């Protein structure tokens, strides 16, 4: 187990975990990795065909894409 930090939960619920993917607009089944950075989320996702299955490349691996989802810094209303 990692170091305990005040205010950081020891775990998250499945619902909370799924909300990360919902907010990013990607599905857990097609996600290889997520990396949260101050400027946004980096995701490595598997490419899927029309039927939703992962696409296999010529080298017998799965086709992957690295995408970046920037943080939208909203200006508070009235400012």
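Here are a few things to note about the model shown:
- Sorted by Cβ density within 10 Å, fewest first, the residues 35, 54, 14: 14, 35, 54
- The order of 5, 41, going from fewest to most other C-beta atoms within 10 Å of their C-beta, is 5, 41.
- Over the chain: helical MRE at 222 nm, DSSP H runs n ≥ 4 each giving -39500 (n - 2.57), nearest 500: -4000 deg cm²/dmol
- Percent RCO, i.e. relative contact order, over the chain, from Cα pairs under 8 Å lying at least 6 residues apart: 21 percent
- Length added when fully stretched, residue 71-residue 18, from 0.36 nm per residue minus Cα-Cα: 17.2 nm
- Sorted by Cβ density within 10 Å, fewest first, the residues 56, 73: 73, 56
Throughout, read-outs are computed from the coordinates displayed, never taken from laboratory work. The shown structure was predicted, so the numbers you read here are calculated from the model rather than taken from an experiment. So basically every Cβ, Gly included, is an ideal-geometry build from the backbone, and we count neighbours across all protein chains shown.
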